[in-house]
Every structure is written in structure tokens, then in C-alpha cells.
There are 4 protein chains.
Amino acid sequence: MDAPRYDSLTALLVNCSLSPQEEQSHTGRLLDVVDHLMSGAGVSVDRLHAVSHDIAPGVQPDMREHGIATDDWPSLWPRVEAADIVVLGTPLWLGEESSVCRRVIERLYAMSGLLNDAGQSIYYGKVGGAVITGNEDGVKHTSMSLLFSLQHLGMVIPPQADCGWLGEIGPGPSYADPREDADPVGFDNDFTRRNATIMSWNLMHTAHLLREAGGLPTYGNDRNALGDGELFGYAAPRPVAGQG
Amino acid sequence: MDAPRYDSLTALLVNCSLSPQEEQSHTGRLLDVVDHLMSGAGVSVDRLHAVSHDIAPGVQPDMREHGIATDDWPSLWPRVEAADIVVLGTPLWLGEESSVCRRVIERLYAMSGLLNDAGQSIYYGKVGGAVITGNEDGVKHTSMSLLFSLQHLGMVIPPQADCGWLGEIGPGPSYADPREDADPVGFDNDFTRRNATIMSWNLMHTAHLLREAGGLPTYGNDRNALGDGELFGYAAPRPVAGQG
Amino acid sequence: MDAPRYDSLTALLVNCSLSPQEEQSHTGRLLDVVDHLMSGAGVSVDRLHAVSHDIAPGVQPDMREHGIATDDWPSLWPRVEAADIVVLGTPLWLGEESSVCRRVIERLYAMSGLLNDAGQSIYYGKVGGAVITGNEDGVKHTSMSLLFSLQHLGMVIPPQADCGWLGEIGPGPSYADPREDADPVGFDNDFTRRNATIMSWNLMHTAHLLREAGGLPTYGNDRNALGDGELFGYAAPRPVAGQG
Amino acid sequence: MDAPRYDSLTALLVNCSLSPQEEQSHTGRLLDVVDHLMSGAGVSVDRLHAVSHDIAPGVQPDMREHGIATDDWPSLWPRVEAADIVVLGTPLWLGEESSVCRRVIERLYAMSGLLNDAGQSIYYGKVGGAVITGNEDGVKHTSMSLLFSLQHLGMVIPPQADCGWLGEIGPGPSYADPREDADPVGFDNDFTRRNATIMSWNLMHTAHLLREAGGLPTYGNDRNALGDGELFGYAAPRPVAGQG
């Protein structure tokens, strides 16, 4: 099979690791897999190591206008805006995404008032995915939350748009930890390899499909029209039948 | 704006209410809204009231072959297979989807070994959404789980593919309960109305887009090829940098 | 150390496996560990294999009074009522508890209108725990939901009141599956062994503590008094400070 | 009824609001209710407004020893250590707890290697609760995660140990927002008032019970003994019965 080329697409891979050093991040290594597959197909891949930036708490576009001294978010936003594909990568702590990941989601949410030229949410036309690593538990739980957030904001979620690695339950090594007499941890896991591959390609296929179609039609989701009271065919249902 | 026509699409709306009488189901009434919008656009809408069927516990396609006396699932499956759009509707109990809803998801999962003609999961080419009602809390939590399940099985999740109604926290009336001097409960809630409208149209738009494109390309997600060891460009990353 | 004796306590271990044959349930085997520890301390242990019973859908105490032909729940309820310790055991499917488990929780919720002699919820004085097995992911996610439900109903949750087993991410063997040249799957996992041990003892210690104390004092949680408008010291706070 | 006195107990109420100004926090106002009830019973109540402190990302006790320039956590830790009762309060964004709340949980987790004098987790002997406010959805979802974290670390979760306020689904006012012709938002909600009352008293009752008992017995949960291989009665179960 010939691999498709997607030279005109852009992907933003956000690593929400707690590690200040990107090269020490286990999640970052699984994001490398996605990066390699997408770059190989011609996609422009942008990598963002969130904890290295001073992203202020809050749900406004620029928190410097709301009493916080510094905020890197406004300077990061154009990188989100430019991306056709947004992947959130996070480690697991107590079975949940990192605080850095929630901070990023809060600030994505802070931009949800913006509209594109067609009057749709600014996130329409983008596709979203999730990459999660831990040593024991929580990939599905965290994918539920991350993918929900991205679709709620307006992105399309392709089929099987998450991947991750977990070891057997309990403390243990993490993804990509080096081993003396074997490949690094997780590299021999077919499930992780396949899901990372499927996810990467489905994100590219779906972003391309959306691009080619010029995004989704605006009928039913045009926020200006909805704001003006347009119903787009809505009618109230009948009430619940009495139980008396 | 002229409403698009989607006459060749089929939608399956599954109501996972605990009520044996469909007309007494609050969730069913919000599904009516989706039904009305889709039917109005020409979509063939199939309604399934799950609790009225004897769906056996288990994760095999036909539990009668695994020691259970009766199982309606095999006779229901063709209705899922025929659908371009699958919407799961559920009430909330203790903040979670109903047992009937989990039973349906278990049996959808039971079919995940099936492939389409292109070697992809049988659910590829379909789109999924969620409709949730309760009287106090849990639409987002439950959407996370339902939409995750549908995308994990192979469906595309369009933007804003969930809707629901909740009253102020605490016991109270449910969606579509009749009131003496006012419209039935929830009918005046703009948020619910808009989200039901956006969801319905985005499901149709995205299903149409997928249909027109002939589904997603198979590169990267062809399960026969993956099973034969095809890597689709995958390469292992470098290991995590030492911390010594 | 001498092991404490808890001869006057009763525990109900509910297995929410989808397997009709209890001896084929992986979750049942981890419940065996809890059973062994509790029985060894003198606790009367009652085992309930939920899927073997015809538990009707619904949230009323007896669904036969609400149009459903058969319902085993009323005959099972005295076993819940008799228990000082309630443990829910469930397998994982798509990262969630089984439909059988949700059915049991719905029916526990159906009894939440009952009060004990002190006017507290009928579940006051009981302690709850969770036992979860799967082959790849979801112990923490499911524990969150199960333990939340039990505490919401009125049980105390002791420290570290959950345990489980998961293998490395991806398809694979399940807990207690026999192996040719090794102990059955998971039996060599120290984390699972320890957590099952800690959970079992903490459930017993806490149930004993509650029993010795005669349950929790009723001040603040007496539902009859709350219903009569007793405030128990409540006062409204000041409003949020203006932002103008 | 005479209210019990709990003069020797200490409670730490952590507000994980994103608002730099505590008096503008809606969650803070519901924490005021808890503060009033506990203070009224003689409990020493300590209030912590987390976002006002520079709590470093990471899962080590002092991140200044791991390459981060500043970290207030070590100076905050004695306040956690002194508390018999720990309440996490959080707002909801996209149905989840705030990034500030996850940061606090990460740092609580960072201390989980510490043991008390009896060899138990340092959190044994404490009780935990959750206070959550939003304008539409997510109290139960977030309670699941917060209470799970606290019990996993070693705290006891009393019955009904969470409370919150939510308005009808959709954008709207938040708890304690002033209104012109009525009490502030949510103050007339009986469900919120009762649950805040029940939670506050049950936290006090349970903390007192644990204090009087000298904490939980160490049999089964003594981490030094577990580390030395003590089994506390554990025995492996039989394997799953063959299905051949």
C-alpha cells in the first residue's frame, strides 16, 4: 500500500508532563511515535512542552487583563489556532491527567467564545486525539475526559483517537524507560504500537477529509444564527405521558 | 438558509431508559427532538427501546451459544449494522448511565471482532452521539463514557455530539414532565434546545461527509494488514534520557 | 502480631461478573481472597453471584409493583440489610463496571428511602469496598464510581478500600487464569496481594469501630429532623464579592 | 438535640478556585458554610486558598530539590499534617475539577511515602470530604475523583462526604452570586444546604470516632511489616475453572 501524503496539514502535539526536561518525559516518547508517523506523511508537526511555559490559571483569553502578572497563553494560542490536528499528551497521577493538562484544557476553553469565518466555534475544522502513559492504570478514564473536552470545544474525534501504555498494575517502570538486556519498556507492546499507528493515521485522514470538504456545513451550528433565534428545524417534543 | 437533505442516511436512536413504557421515558422525549430534526432532513430514523428486549449479559455476539437460554441481541444487530448514525440515550442514576445502557455497550463491544469489506472495524463509517437526561447531575460524566465507547469501537464523533437536560441540583422534575401553568419541564431551556440541534445536524453532516468520501482511507487502520505485521511507517522512539 | 477477631461481623461480597458460572469468574477469585481473610477473622461471609438472579431494571424497591413480571431483588435485600460490610466486585468492559454491577447499584439506590431506627439512611453503620479485575485498564476509574455510590448511600469508606488486578495494556490473560509453568495469572503480583489484604482488614477494622460506637451520632444527619426543618447549626454564607 | 462539641479537632479547608481573590470565589462561599458549622462545634478551622501559593508541579515532597526554582508546598505541608479533617473545594470547568485542585492532589500524593508512628500511611487517622460548585454539571463526577484520591491516600470517607451546588444545565449564575430581589443564588436550595450540613457533621463525627479509637488498628496495613513480607493471613485463591 502507498502511504498517503498530507503535506498541507499541521499538527500540534502538546506534552502535559510534569517533568521540566522534555527528554525525561515518558509521555513525550510516545508522542515521538505520533510525530514520526505524521512527519513522515508530510505533516508539519509542532511540539509544545506545556510545563516549560508560564500558563496562568483562569478561563479568560489573557489573564494579564484579569489581575495576574504574567501569562504565556496569549503567545501560545496562535500555535493552537494554526493546527489542523491537536493531540494532548499526559501522564497519569492517581489515575487522572496531570494538573498541567487540566491547565491547558482550561485555557483552550477560555478561547471558546471565538468563532471562525463561518460563525462556528473556532475549533471547528480541527481534529483531536489523546496520548497517555502511566505505569498502572487510567488510559481509558483519561481519554474519556480529554476527548470529551476536545469534541465539546468543536473538534472532530476520529475513530480510535487515543493510545497509551500501562504496565501490569502496581509500581513499576514507565514507557520508554531503558532496560539492560531488552528493548526499552513498552516498545515490544503490540497494542500500544498499533493504537499509536491507527490513531496517527486516523487523525490525518480525518483532518484531510475535513479540509477537503471545507469544514462542516454551518446549518445547525452557526452560532450567530443560533444567537439570533434561528431554530434550524427544532420543535419541542410532546410531554411525558401521565403516570396517574 | 436552506436545510440540507440527507435522504440516504439511516439513524438508530437507542433509548436505554429503565421505563418499560417508552412514552413515560424522559430521555425518550429528548430523543424525539433528534428524531424530528433528522426525519425532517430525510434521514430514515429507527427507534430502539432497549429495555423492551431481552438482551443477554455477556460479550459474545450470540450468548445462546454460551449457555444463556434467550438472547434478542442477534436479531437487533442488523439494525445497528444498517445505521450510519448511532445515538445512545440514557437516564442518570447516581450520576451514571443506566444498567440498560451498559448492557447495550457490552453487546456493541461483543461485535468488535467484525470487519467491514475494507478490513476496518465494522463500526468505521458510522458516527456516534449521546443524549442524556437526569434531574440534577451527570450529563458530561456520562457523555465522556458513552462517546469514548463509540469512538473506541470505530465511530467518528462529530463536534458537540452530546446533549442533555438537568435541573438545579437536588430532587425535582425531569425533562418533559408536564406542568400546569407552563410548558413542560426543560422545553424553555435554550442550552438544551441548541445543543440538541447542533448535535443532530453535526451527526448528519459528518455521516454524509464520511459516506461521500467512501469512509476513511484504510492506510494505518486495516486490521488484516496490522495482523500480518504491517507497520504503516511506525518506528520506535528513543528511550527516556537517564536521570542519573 | 495477633490477628484481631471479628466474629460478630457479617460481610456480603457481591460478584457482578457477566459469567453465569461463578467458578469461571476472574473477579470471583479475587473476592475469594477477601473471603478467606474475613472468614479467617471470624466474619460471617455471604457470597452473592448477581447474574444468577433475576434482578429487574428500575429504581423502586419491588418492581413487581411497577409492571415488571418478576424481580428477585426483594428476596435479596435482607442479605444486604444484614451485612456490616458490603463489597462490590466487578469485571471491566471498555474500562467500566459491568451492566450487572450498575443494575445492583440501581437497586441499592432504590432502597435509599429507608431509614434505620435512629432516622439515618438505612446504609449508615455499614462500610463499603470494591474489587475489580480486568486485563488492561480501569480499576481506579471504576473504584471512583463504586466507592462514590456506596458513600453517597450512607456507607463509610475505609482507607484504601479497593483492590484489583490488571495486566499490561492490551489483550491478555485475566486474573487467576491457569498457566502451564507458573502460578496462575496475577498471583505473583505483590501490589494486588497487598491491596486486597489492606482493604480486607480496613473494612473489618472500620466496621468493628462503627459497631462498637453504636454507629455515627445522629446530629446533623437525622433525616426526620432534617425533613422537619431542623438546621443543625447551618447558616447561609455571605454572597460573593462584587466584581464591578 | 444538643450539638456535640469537637474542640480538639482541626480541619483544613482547601479552596482550589482559579480566582486570585478568595472573596470572589463561589466555591469559597460554600466552604464558608462548612467553616461555620465546624467552627461552631469548636473545631479549629484552617483555610487555604491554593492559587495564592506557588505550588510547584511534580510528585516529590520538595520540588526545589528536583530542579524547580521555587515551591511553597513544603511550607504548606505542616497544615495538612496537622489536620484531622481535610476538605477539598473546587470549581468545575468542562465538568472537571480545576487545575489547581489537581496540583494539590499531586502534591498530597507526593507525600504518600511518609508513615505515621504506627507504620501506616501518614494520612491514616484523617477523614476527607469534597465541596464542589459549578453552574451546570459535574458535582458527582468530581466527587468520585476527589474522594477516591483521599481514600486511596489513607483517609476515611464518612457517609455523604460531598456537597455542591449546580444550576439548571447551561450558562447561568454561580453559587452565592448576589441577586437584586432575592437571596443570593443557591441559598434557597434545600439539597445543597442539607448536604453541606450532613457532610460537615459526618466529617466531625467520624474524625472524633477515629481520634477516640486511636486510629485504625495496624493489623493488615502496617507498611513496614508488609514490606518485610508479612502476609496478615493472605492466601492465594484457586485458579479459574477451565473452560475447555
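The values are calculated or read from the model by the stated rules, or taken from the named source; none is laboratory data. The shown structure was predicted, so the numbers you read here are calculated from the model rather than taken from an experiment. Counting neighbours? That spans all protein chains shown, and the Cβs are built from the backbone with ideal geometry, glycine included.
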Exercise. Any residue at all in region C:140-160 that is farther than 24 Å from C:L76 by Cα, out of contact with any Leu (no Cβ under 8 Å at 6 or more places or on another chain) and of a type in the set (K, R)?
Worked result: no
Exercise. Looking at (1) more than 14 Å from chain A (Cβ to nearest Cβ); (2) aromatic (F, W, Y); (3) more than 18 Å from the chain's Cα centre (by Cα), can you tell me which one C:W93 breaks?
Worked result: (1)
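How about region B:40-54: which of its residues are in contact (Cβ under 8 Å) with a residue 40 or more places away in the chain and small (G, A, S)? Steps first, please.
Looking only at region B:40-54, we keep the residues that are in contact (Cβ under 8 Å) with a residue 40 or more places away in the chain, and these are B:41, B:43, B:50-51.
Across region B:40-54, the qualifying residues are B:A41, B:A50.
The rows are residues; the columns are (1) closer than 19 Å to D:T197 by Cβ; (2) in contact with a helix residue (DSSP H, G or I) (Cβ under 9 Å, 6 or more places away or on another chain); (3) modelled with pLDDT of 95 or more.
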| position | (1), (2), (3) |
| --- | --- |
| C:W201 | no, yes, yes |
| C:G220 | yes, yes, yes |
| C:G227 | yes, no, yes |
| C:A236 | yes, yes, yes |
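Which helices (runs of 4 or more DSSP H) sit wholly inside region B:137-244 and have at least 2 residues that are touching a Gly at 6+ places or on another chain (Cβ under 6 Å), crowded, with 18+ Cβ neighbours inside 10 Å and more than 7 Å from chain A (Cβ to nearest Cβ)? Give the steps one after another, and end with the answer.
Values: elements: B:139-153, B:190-212, B:223-227.
The qualifying helices (runs of 4 or more DSSP H) are B:139-153, B:190-212.
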Seminar exercise, completed: Of (1) within 25 Å of B:R194 (Cβ to Cβ); (2) more than 8 Å from chain B (Cβ to nearest Cβ); (3) surrounded by fewer than 24 Cβ atoms within 10 Å (Cβ to Cβ); (4) not acidic (D, E), D:G134 satisfies every one except (3)
Seminar exercise, completed: Within region D:103-131, the residues that are assigned to a helix (DSSP H, G or I) and either surrounded by 21 or more Cβ atoms within 10 Å (Cβ to Cβ) or within 14 Å of chain B (Cβ to nearest Cβ) (or both) are D:R103, D:V104, D:I105, D:E106, D:R107, D:L108
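Would you confirm whether any residue within region C:59-80 is assigned to a loop (DSSP other than H, G, I, E, B), surrounded by 22 or more Cβ atoms within 10 Å (Cβ to Cβ), at pLDDT 95 or above and under 19 Å from the mean Cα position of the chain (by Cα)? Don't jump to the end; show me each part of the working.
The initial filter retains those residues of region C:59-80 that are assigned to a loop (DSSP other than H, G, I, E, B), namely C:59-62, C:67-72.
Adding the requirement that they be surrounded by 22 or more Cβ atoms within 10 Å (Cβ to Cβ) leaves C:71.
Imposing the further condition that a residue be at pLDDT 95 or above reduces the set to C:71.
Cutting the leftovers down to under 19 Å from the mean Cα position of the chain (by Cα) gives us none.
No, region C:59-80 contains no residue that is assigned to a loop (DSSP other than H, G, I, E, B), surrounded by 22 or more Cβ atoms within 10 Å (Cβ to Cβ), at pLDDT 95 or above and under 19 Å from the mean Cα position of the chain (by Cα).
Residues in region D:207-218: is at least one at pLDDT 95 or above, among the hydroxyl-bearing types (S, T, Y) and in contact with a helix residue (DSSP H, G or I) (Cβ under 6 Å, 6 or more places away or on another chain)? Outline the logic, then answer.
Keep residues of region D:207-218 that are at pLDDT 95 or above, which gives D:207-218.
Okay, now just the ones that are also among the hydroxyl-bearing types (S, T, Y), so D:218.
Checking which are in contact with a helix residue (DSSP H, G or I) (Cβ under 6 Å, 6 or more places away or on another chain) leaves us with none.
No, the conditions are met nowhere in region D:207-218.
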Problem set entry | Subset of region A:36-58 [surrounded by 21 or more Cβ atoms within 10 Å (Cβ to Cβ) and in a helix (DSSP H, G or I)] | A:L37, A:M38, A:A50, A:V51
Seminar exercise, completed: When C:E97 is run through (1) buried (at least 23 other Cβ atoms within 10 Å of the Cβ); (2) in contact (Cβ under 8 Å) with a residue 60 or more places away in the chain; (3) in contact with an Asp or Glu (Cβ under 7 Å, 6 or more places away or on another chain); (4) within 23 Å of C:Q60 (Cα to Cα), the failure sits at (3)
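For residues that are over 14 Å from the mean Cα position of the chain (by Cα) and closer than 30 Å to C:M111 by Cα, tally how many sit in region C:141-179. Step through it out loud before you land on a result.
Step one: of region C:141-179, the residues over 14 Å from the mean Cα position of the chain (by Cα) are C:141, C:165-179.
This time we only want the ones that are closer than 30 Å to C:M111 by Cα, so: C:141.
Residues meeting the conditions: 1.
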Problem set entry | Index of the failed condition, B:L13 passing every other in (1) within 14 Å of chain A (Cβ to nearest Cβ); (2) more than 26 Å from C:E106 (Cβ to Cβ); (3) part of a strand (DSSP E or B) | (2)
